[in-house]
Amino acid sequence: MPKWSNWSGWVKSNPAVIAKPDTEDALIKAMAAAPGQVRVAGSGHSFTGLCATDATLIDLSRLKGLIDLDRTKQEATFWAGTPIHEMTQELYERGYGLINQGDIDRQTISGAVSTGTHGTGIDLCAFPSMVRAVQLIVPGGEVIKASPAENSDVFEAARLSLGSLGVISQITLAVQPAYKLVERGWTMPLADCFNAIEALKTATRHFEFFWFPYADDVICKSLDITDEPAKPPRDHDRGRTASAEEKRVRAMFDLTARVPILSAPVTRYMTHQAKKGSMQRHAKSGSSVRWSHEAFPSPRNIKFNEMEWALPAEVGLDALREVVAHIRQKSVRVAFPLEFRFVAADDIWLSPFNGRDSVTIAVHQYYKQNYEGLFDACETIFRSYEGRPHWGKLHRATEPDFARMYPDWLYFQQVRRMVDPEGRMLNTHLSTIFGDKPYDPASGANIN
Ligand SMILES: Cc1cc2nc3c(=O)[nH]c(=O)nc-3n(C[C@H](O)[C@H](O)[C@H](O)COP(=O)(O)OP(=O)(O)OC[C@H]3O[C@@H](n4cnc5c(N)ncnc54)[C@H](O)[C@@H]3O)c2cc1C
């Protein structure tokens, strides 16, 4: 049994030490005592080998909770291991909410920030843009406070760093007064959706659609701010176990994993079910109103592997068409939907949205099915549209690719090498990303 594995079960790791500090002092001591390579894990929801190590793994699940809420600045400081669902509950109880959120809220805030996690919304940026300050513990145990006013280079890098600088212990984020969202779900012929995309993306605060690649309709979802009364709060444990609906859908994915030729009819059936409003909450006709922290996330109890690329907004639909054409022409066995979202440009060095308004296209494969052929073909398409991969999701890009994709790559590399000169935070996966070899315990250095 591996001592650590990620959410999908694809990444397994056997760290020599797993440290679970419950105070910042304990974290500093763990960082000072770690003899060699160090990795830090949030809730393990990344699909790549970001957290894998056979040396020291820092698990921040005990370092959580609200530290401070500054109502004047509308900023909240949390311990870095706080899961987003606990964070948003704490904020809601004090009259605040996050500006945007992704599909789920089970990640830690530092994990979400550190990989550029995003939701959807043509005018809304990803999580790293909400960051106002961090406190970073670097290998050896030194503490660095970083904000635009203090250690600003470290701050720029730490807004999205894959845990390659050190361990964030505290994180300060911009928040906004609590707000309610009305959710609408509907299906429409994909040609109509494509023709209306410019209007759809601006008509509401958050628009996205899902497309089962063998179906001719897409499933649309929108969220918009409202003053209408909200439904009563959800059951606290909602989403921890699979609903009857999810169990039924999972049984269908099991079937397609065993009999892959059924992928096409199954996806058409699922779109049909969505049309009838009986498969997923967001495909139901009509609307529902909830406070934002309850409106954004959906349960995800069916395991999958995922890749997602950010593309310049103007080429998004062309790339999507190519992906679906490939799947159909090659009869690729995939029963999961593609997800199409919008993210506003930012200026963060390692952000996939750096300098350009983007769409994101996510490709999923059931965890019992091989994803390599499908993901490789999609990656070729996404690269041809100048895409950038999601840092927490599967891809094959390496340092030379990133150096081309990111205009500020060298700034980030400079700061990373300054903060962690021995490469103690690098594992095998991060070495392929940054091009520096991992720390070598035998020589006490990283050899380049
Ligand atoms: C079901 C599911 C749904 C998802 N939905 C979305 C979505 O809607 N939008 C989206 O963009 N992504 C989504 N993701 C991807 C996910 O948000 C990211 O992979 C995110 O990083 C996971 O957070 P985590 O807490 O699990 O971090 P982990 O996966 O544990 O770690 C991610 C990275 O953060 C680093 N890290 C963690 N804590 C710290 C710290 N304290 N200091 C420094 N570095 C740290 C780790 O070293 C690692 O490099 C989804 C993933 C799953 C499995």
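Positive end of the dipole of the chain (Cβ unit charges, origin at the Cα centre): among Ala313, Asn6, Gln107, the Cα lying farthest that way belongs to Asn6.
State to the nearest 20 debye the size of the charge dipole of region 57-165 about its Cα centre, where the only charges are +1 on K and R beta carbons and -1 on D and E beta carbons.
Working: 9 positive and 14 negative charges, 20 e Å.
That gives a dipole near 100 debye.
Choose one answer from Ala345, Ala191, Ala257: the residue with the largest mean-square fluctuation in a GNM of the chain with alpha-carbon springs under 10 Å. It is Ala191. Between Asn301 and Glu399, the simple label model (points 7 Å from Cα in the Cβ direction) yields a spacing of 4.5 nm.
Across region 4-59, C-alpha contacts under 8 Å between residues 6 or more apart give a mean separation that, scaled by the residue count, equals a relative contact order of 49 percent. Straight Cα distances below 21 angstrom link Lys145 to the lysines Lys29, Lys64, Lys73, with same-chain residues fewer than 8 positions distant left out.
Distance between the pseudo-spin-label points of Lys437 and Asp123 (7 Å out from Cα toward the beta carbon): 5.2 nm. Solvent exposure of region 90-192 amounts to 29 Å² per residue of accessible area, where only protein heavy atoms count and the probe is 1.4 Å. If you plug the beta carbon distance of Glu228 and Ala345 into 1/(1 + (r/R0)^6) with R0 = 30 Å, you get a FRET efficiency near 0.40.
Which of the aspartates and glutamates could a cross-linker span from Lys303 if the Cα-Cα distance has to be under 17 Å and same-chain partners fewer than 8 positions apart are dropped? Output for Lys303: Asp103, Asp105, Glu245, Glu246, Asp254, Glu339, Glu372.
Reported to two decimal places, what Rg/Rh ratio describes region 319-448 when computed on Cα atoms with Rh from the Kirkwood expression?
Rg/Rh: 1.04.
Dimensions of region 180-389 based on its C-alpha atoms, expressed as ranges along the principal axes with the largest first, amount to 48, 43, 32 Å.
Of the accessible area of region 57-140, with the probe set at 1.4 angstrom, what percent is carbon plus sulfur?
Working: 1130 of 2650 Å².
Result for region 57-140: 43 percent of the exposed heavy-atom area is carbon or sulfur.
Length gained on full extension, Thr202 to Val143, computed as 0.36 nm times the residue gap minus the Cα-Cα distance: 16.9 nm. Across Ala41, Ala295, Ala199, mean-square fluctuation computed from a Gaussian network of the chain (C-alpha pairs under 10 Å connected) peaks at Ala199.
Each Cα pair of the chain feeds into the Kirkwood radius, which the Stokes-Einstein equation turns, at 25 °C and 0.890 mPa s, into a diffusion coefficient of 110 µm²/s.
The values are calculated or read from the model by the stated rules, or taken from the named source; none is laboratory data. Quick caveat: nothing in here was measured; it's all calculated off a predicted structure. For neighbour counting, all protein chains shown are included, and Cβ atoms are generated from backbone atoms with ideal geometry for every residue, glycine included. Just the protein is used for accessible areas: all its heavy atoms, side chains included, with ligands, DNA and RNA removed. Shrake-Rupley method; radii C 1.70, N 1.55, O 1.52, S 1.80 Å.
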